[in-house]
Amino acid sequence: MRLAQMEELVFNSESDLWNLYGRDDLTELRLHSDQFITDWLIIIYFRTPKGVVFRRAITKDVVNSAGHHQLRSLLLSRGT
C-alpha cells in the first residue's frame, strides 16, 4: 500500500507563481493551460521552470471544504 505524502500548495498572486512544499519542494511553478475542476475533484497541471509538466489531484476529502472551494474559485477565475 502506498501512502500519500503531505504537501502544501501556496499561490503568490503578485508573481502569479505557485510553490509546492512537501516530498519534493518545487518552486516558481506556473499553471499549465488545462485544469480539471469538479465539485469533488481538482486536477492541477503545472509547468516547472525547466518546462516539465506534472499534475496533482486534490479531492474534497483531503482538504477542508472552504479550502477546496477557495482553490476551485481561484482556478476558475484564472480562466483555466
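Before moving on, here are some points about what is shown:
- Filtered by the rule that a residue be touching a strand residue (DSSP E or B) at 6+ places or on another chain (Cβ under 8 Å) and under 17 Å from Ile43 (Cα atoms), the stretch 3-16 gives Glu7, Glu8, Leu9, Val10, Phe11.
- The set of residues in the stretch 56-80 that are at pLDDT 90 or above, farther than 18 Å from Glu7 by Cβ and surrounded by 13 or more Cβ atoms within 10 Å (Cβ to Cβ) contains only His69.
- Test: residue in the stretch 22-32 that is of a type outside the set (Lys, Arg), surrounded by 13 or more Cβ atoms within 10 Å (Cβ to Cβ), modelled with pLDDT under 95 and in contact with an Asp or Glu (Cβ under 8 Å, 6 or more places away or on another chain): yes
- Residue ID - nearest to Glu7 (Cα to Cα), chosen from residues in the stretch 43-55 that are loosely packed, with under 14 Cβ neighbours inside 10 Å and of a type in the set (D, E, K, R): Arg55
The values are calculated or read from the model by the stated rules, or taken from the named source; none is laboratory data. Keep in mind that what you see is a predicted model, and the values were worked out from it rather than measured. Using ideal geometry, Cβ is built from the backbone for each residue, glycine included, and neighbour counts are taken over all protein chains shown.
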